[in-house]
Structures are given as structure tokens and as C-alpha cells.
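Read-outs: derived from the displayed coordinates by stated rules, not from any lab. Everything numeric here is computed off the predicted structure, so don't read it as measured data. Cβ sites come from the backbone with ideal geometry, for glycine too, and all protein chains shown count toward neighbours.
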């Protein structure tokens, strides 16, 4: 069974797809995580599809052929913002790429009909990740200021986020991410109507049950590693709050993820660590209340999403702290 995770990014999709890949391999199956489909794919000599960053150099037709030739078990991600970026002629590679202007012009005219058909036919399980739009946009604003989409080690989290972090977020950018989230939901409904929703809160409150439900497997990570993925994730976040970044940290499950990376079953890093709780964000974002007011005006005008009160925010914080404190 192949799995495709749909995302606007910033809704837990990286955590979900990496955790699912680790879970499936740990259960005794061989799975390759291709990460994003639209910025680089390669087949090995056994026709296992794996990740190699190429920017937007591969055409949609090339990507379709690679997916169709794949003979391995795969977990993949498809981000709606990459579709928009390609169609807008944007470029993601750093530095000078020969003929990049030719690729950009080609991408602006690509038809995604066959690609979407291939995704629906090649992936047995389609999953779309959702999140409260307020928290989604808030997270993206912080990401834009730190330059970090995810953190993959305790040291990286400590260096990126600490008690002294302070962010005065750009409310125009905040609004643009709210609008993007709305476009993402429409995109899913238009192109992947049979996709199953997985909510961000469920991913971070009980990832083990989510993975078991998605895969249909009666397998527990605890039986192999002596710890559930939920407890493992929670532990890493808590350790990062008191961790000395000059001390090297490692554990058996971390080493297993490194093994999967070396086998090209995971791309670059393993499962990301939770960067911030809502409490963290409320303390570090200097214009947090202004962002909430901005969200509520957007929600009222869109008439599709509920407004949020400060009491509701406090309730969210309290529920989350039952896990991460």
C-alpha cells in the first residue's frame, strides 16, 4: 500500500509522513519516503522511488513516468503551494541553474490533469492534513522569521527557539497564509475528493493511534523500542527545554532513523521535533492579540471558519499543556 499526504505545509505533514515511514519500516516492511513529489525524484536500480532534490527541473510528464515505474512501497507528500509556485514560474534551487528560465517558462504552462490521475491511481491511501487556520498562519509567520520550516534535533530546536525568542509578525503575510489555507482546502476537494482528513491536533496528541488507523496495522512501536512515538516526541520537546546544546544527544530510535536515511528510505533527517506549543507562541509573538483580531476579521469575512475568543485560545493552551508540560 502506498500513501500520499496532501498539505499546504505547516499542518504537521512532515511529522506525519516521516513518522509513518519509520512506523512501517519498524513493523517489518520496506518503505521509501519520497518527501515532496514536485521537486525531485529518482529511481534506484530496483525501481524504488526515492528523494533527490532537483528544484523544479523535472517536468510533470517526467514525474508521472517515475511514479508509474516505481515498484517499491512509498510514502509521499504533495504540497499545494508547490503546484502554485510551479505555475507561477517560481524557482526553488539556490544559485545559478543552467537553463532555469526555460524550465520556469515550461512549468507555467503545465497541465496537472494526468499528474492528479496518476496520484489517485498510484497511491492506495490519500490523506489530507488540516489545522486550525489561526495556528497555521501564526506558525508560518514564525517560520518566515527563523528561516526554519522544521527542526530535526534537540540542538537545532534550542538554537532556533528559546525563552528569549521574540517575533513581531507581519500581519499582511499572516493574511496571505490564511488565504492560502483556504485555497488548499478547495484544491483538495476539487482534485482528491476521496482523501481522508487527519487533523494536526490528533497527530500531536496520539500519533500512535493515527498511524495504526491509517495503516490498518496492529503494530506498536513500544513493542520494538520500549517507547511509543507519542511519548518519544513529547520527551524530545521537554528535553529541549532544559538541554545544553554543547552536549551530544543520541538514542536507539534516533540511530534507527539515521539508518533509514542512509538507506534512502528517509530524506536527510528523521522525524522532526515539535518546535513550539501554542503557549510558546503566545509568549514569543509580541503582537499575538493583533494577529488574533486579524484572524477573526478574516474568518468573519470568509464566513467559512469560526472566530476564536481569547478564552478558546486559553483552553487550547491548557489541552496542549496536558501533553507537553
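When the chain is treated as a GNM, springs tying every alpha-carbon pair under 10 Å, which of 178, 41, 66 comes out with the largest mean-square fluctuation?
Result for the chain, Cα springs under 10 Å: 66 fluctuates most.
For segment 96-172, what is the convex hull volume of its Cα atoms per residue in Å³?
Dividing the Cα hull volume of segment 96-172 by its residue count gives 230 Å³.
Set the Förster radius R0 to 30 Å, insert the Cβ-Cβ distance between residue 197 and residue 99 as r into 1/(1 + (r/R0)^6), and round the FRET efficiency to 0.05.
Numbers: r = 40 Å, r/R0 = 1.34.
In this case the efficiency is close to 0.15.
Per 0.36 nm of contour for each residue apart, how much would the distance between residue 312 and residue 69 grow if the chain were fully extended, relative to their Cα-Cα spacing?
Gain on stretching residue 312 to residue 69: 82.6 nm.
What number, rounded to the nearest 500 deg cm²/dmol, is the helix-based mean residue ellipticity at 222 nm of the chain, given -39500 (n - 2.57) per DSSP H run of at least four residues and division by all its residues?
Value at 222 nm, helices only, nearest 500: -16000 deg cm²/dmol.
Could you tell me the calculated FRET efficiency between residue 43 and residue 220, based on Cβ-Cβ distance and R0 = 22 angstrom, to the nearest 0.05?
Once the sixth-power term is evaluated, E becomes 0.10.
Which of 59, 176, 45 ends up with the largest GNM mean-square fluctuation for the chain, with Cα atoms connected below 10 Å?
45
Working from the pairwise distances between different alpha carbons, so that the mean of 1/r is found and then inverted, what is segment 258-305's Kirkwood radius in Å? Let's see the in-between values first.
On the way: mean 1/r = 0.0708 Å⁻¹.
About 14.1 Å for segment 258-305.
Can you give the Kirkwood hydrodynamic radius of the chain from its Cα pairs, in Å with one decimal?
So the Kirkwood estimate lands at 20.8 Å.
Work out, step by step, the length gained on full extension between residue 290 and residue 145: first 0.36 nm times the residue separation, then minus their alpha carbon distance; give nm to one decimal.
50.5 nm
What is the chain's relative contact order, in percent, from Cα pairs under 8 angstrom and six or more apart in sequence? Display every interim value, and only then the final one.
Working: 458 pairs, mean separation 72.8, N = 325.
Once normalised by length, the contact order is 22 percent.
Comparing 166, 284, 302, which has the greatest mean-square fluctuation in the GNM of the chain with Cα pairs linked when under 10 Å apart?
Looking only at 166, 284, 302, the largest GNM fluctuation is found for 302.
To one decimal place, what orientation-averaged projected area in nm² is obtained for the convex hull of the Cα set of segment 51-141?
Details: hull surface 30.0 nm².
Over every viewing direction, the Cα hull of segment 51-141 projects on average to 7.5 nm².
In percent, how large is the relative contact order of segment 188-304, given Cα pairs closer than 8 Å and 6 or more residues apart?
14
So for segment 85-132, Kirkwood radius off the Cα pairs, Stokes-Einstein at 4 °C and 1.567 mPa s: how many µm² s⁻¹? Each step should come with its number before you reach the end.
On the way: Rh = 13.3 Å.
Reported coefficient: 98 µm²/s.
Quick one: if you stick a label point 7 Å off each Cα along the C-beta vector at residue 244 and residue 325, how many nm between them?
Modelled inter-label distance: 2.8 nm.
Express in nm, to one decimal, how much length is gained between residue 61 and residue 283 on full extension, taking 0.36 nm for each residue of separation and deducting their alpha carbon distance.
75.2 nm
How many percent of DSSP beta bridges within segment 3-324 run antiparallel, rounded to 5? List each step's numbers first, then the result.
On the way: 4 of 23 bridges.
For segment 3-324, the DSSP antiparallel bridge percentage is about 15.
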